[in-house]
1. Out of all the residues in segment 41-64, which are assigned to a helix (DSSP H, G or I), closer than 12 Å to Cys13 by Cβ and either open to solvent by 50 Å² or more (accessible area, probe 1.4 Å) or in contact (Cβ under 8 Å) with a residue 12 or more places away in the chain (or both)?
2. Can you tell me which residue is farthest from Gln64 (Cα to Cα) among those in segment 15-40 that are surrounded by 16 or more Cβ atoms within 10 Å (Cβ to Cβ) and touching a Gly at 6+ places or on another chain (Cβ under 9 Å)?
3. Between a first residue in segment 6-20 that is in contact (Cβ under 8 Å) with a residue 60 or more places away in the chain and a second residue that is open to solvent by less than 20 Å² (accessible area, probe 1.4 Å), which pairs have beta carbons less than 6 Å apart while being 6 or more apart in sequence or on different chains?
4. Mind checking which residues of segment 1-14 are within 14 Å of Ile65 (Cβ to Cβ) and part of a loop (DSSP other than H, G, I, E, B)?
5. Out of the residues in segment 1-14 that are acidic (Asp, Glu) and open to solvent by 30 Å² or more (accessible area, probe 1.4 Å), which is nearest to Ile79 (Cα to Cα)?
Amino acid sequence: MIETKEIQFFLECADTKSFTKAAKRLYTSQSNVSKRIKSLEDTIGIKLFIRQKEGVFLTAEGKQIYVFAKNIMDNIKEI
């Protein structure tokens, strides 16, 4: 089951293109962000990010899921 926190972490990483920057914005550690993203990837069976020295970048599948994830979080805020 996907947790809301994982979606939030995913969106922050995608927006900042960095697990470290996302961690700072989410007031948590970089290792916690990495664990949450890995858990999300394992749950859905899709690699979401290309991890490079310069940062993280969404895969083609990650870009598609980003749209859905953004809508989910927008809907939660609306509730």
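The values are calculated or read from the model by the stated rules, or taken from the named source; none is laboratory data. Keep in mind it's a predicted model, so treat the numbers as computed, not measured. Heads up, the Cβs are rebuilt from the backbone with ideal geometry, glycines too, and the neighbour counts pull from every protein chain shown. Accessible surface is based on the protein model in full, side chains and every heavy atom, while ligands, DNA and RNA are left aside. Shrake-Rupley method; radii C 1.70, N 1.55, O 1.52, S 1.80 Å.
1. Gly62
2. Per the stated criteria, the residue is Lys21.
3. Filtered contacts from segment 6-20: Ile7/Ala69; Leu11/Ala69.
4. Ile2
5. Glu3
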